[in-house]
Amino acid sequence: MVVSNDTELVKLKEIGRICAVTVQKMAAAMEPGMTTAELDAIGRKLLEDSGAQSAPETCYNFPGATCISVNEEVAHGIPGSRVIKPGDLVNIDVSAVKDGYFSDTGASFALPPAQSKVEKLCRDGKRALWVGLNQVKVGQPYARIGDAIGAFAAKNRYTLIQNLASHGVGRSLHEEPKELATWPDRSERRTIQEGQVFTVEPFLSLGAEWAESSDDPWTLLSENRALTVQYEHTVVATRSGPLVLTLAE
């Protein structure tokens, strides 16, 4: 989607804030002994109370309101009977729709007592996201995002999942521009246009480069089961840089 007027921007900011608040409040409520289904129920109520609907459930019949991925799970974890334990690494990914406008955000959380390398992975995952966001500017190549994140990952001795990409969003959950790499991609030739709405969502890992299917139709696992974090924002490209829509404030 390309934003064309203030009304669209107001609607995008509203659903972006709803998604961000939902992640924030789910994370605050998360505790050992809770199942991922119980955590998902909190997310569902938050969305519904805000007048929004789960995007993956609405668009793809995903079996949950939110995606909750634990430890070796990289993305699209199905909420269920899995019990969250002390020291687990949990990713909460929330995408939703309200009044025909979509937004998408996610973050990873290390439950105490977490290993120091996992806490560092979370801190650096956030840094990698902002390294990518800082490349968002009208007229610049999309490739700069993946190049910058790739340089950050290499410098800090991480790998990046290279088959889970960023994407356009706004009037649907996944739209053009599709398959926006958050890793160095020599084939990427597109440039960022003013008003374009899209996500930036690097998957920073302690050793994995690919996500692979699991025993269910949705959950993706790191190819060598290395712990991986994802941090994601939805942005609008402007001449002065990214306008981040998925902030809780």
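Each of H76, H167, H174, H233 was scored by other Cβ atoms within 10 Å of its Cβ. Arranged with the fewest first, they read H174, H167, H76, H233.
Counting other beta carbons within 10 Å of each Cβ, put C67, C19, C122, C59 in order, fewest first. Intermediate results must be reported in sequence, preceding the final value.
Numbers: C67 27, C19 35, C122 19, C59 15.
Least crowded to most crowded, the residues run C59, C122, C67, C19.
All other residues whose Cβ lies under 11 angstrom from that of G51 are scored, Lys and Arg at +1 and Asp and Glu at -1, for a net of -3. Roughly what % of Cα-Cα distances in the stretch 160-230 sit above 14 Å, to the whole percent? Looking at the stretch 160-230, the distances longer than 14 Å represent 63 percent of pairs. Extents of the stretch 6-244, largest first, come to 48, 42, 28 Å (Cα atoms, principal axes, whole angstrom). Given a 10 angstrom Cα cut-off, can you work out which residue in P79, P217, P202 is the most mobile in a GNM of the chain? The residue that fluctuates most here is P217.
Let me have the 222 nm mean residue ellipticity of the chain computed from DSSP H runs of 4+ only, each contributing -39500 (n - 2.57), with the sum over all residues rounded to the nearest 500.
-10000 deg cm²/dmol, from helical runs alone.
In what order do T66, T159, T7, T58 fall by count of nearby beta-carbon atoms within 10 Å, going from fewest to most? Working shown, then result.
Numbers: T66 30, T159 21, T7 9, T58 16.
With the fewest neighbours first, T66, T159, T7, T58 line up as T7, T58, T159, T66.
A short reminder: the numbers here are calculations on the coordinates, not readings from a lab. Since the model is a prediction, treat every value here as computed from it, not as a measurement. In this analysis, Cβ positions are derived from the backbone assuming ideal geometry, glycine residues included, and neighbour counts consider all displayed protein chains.
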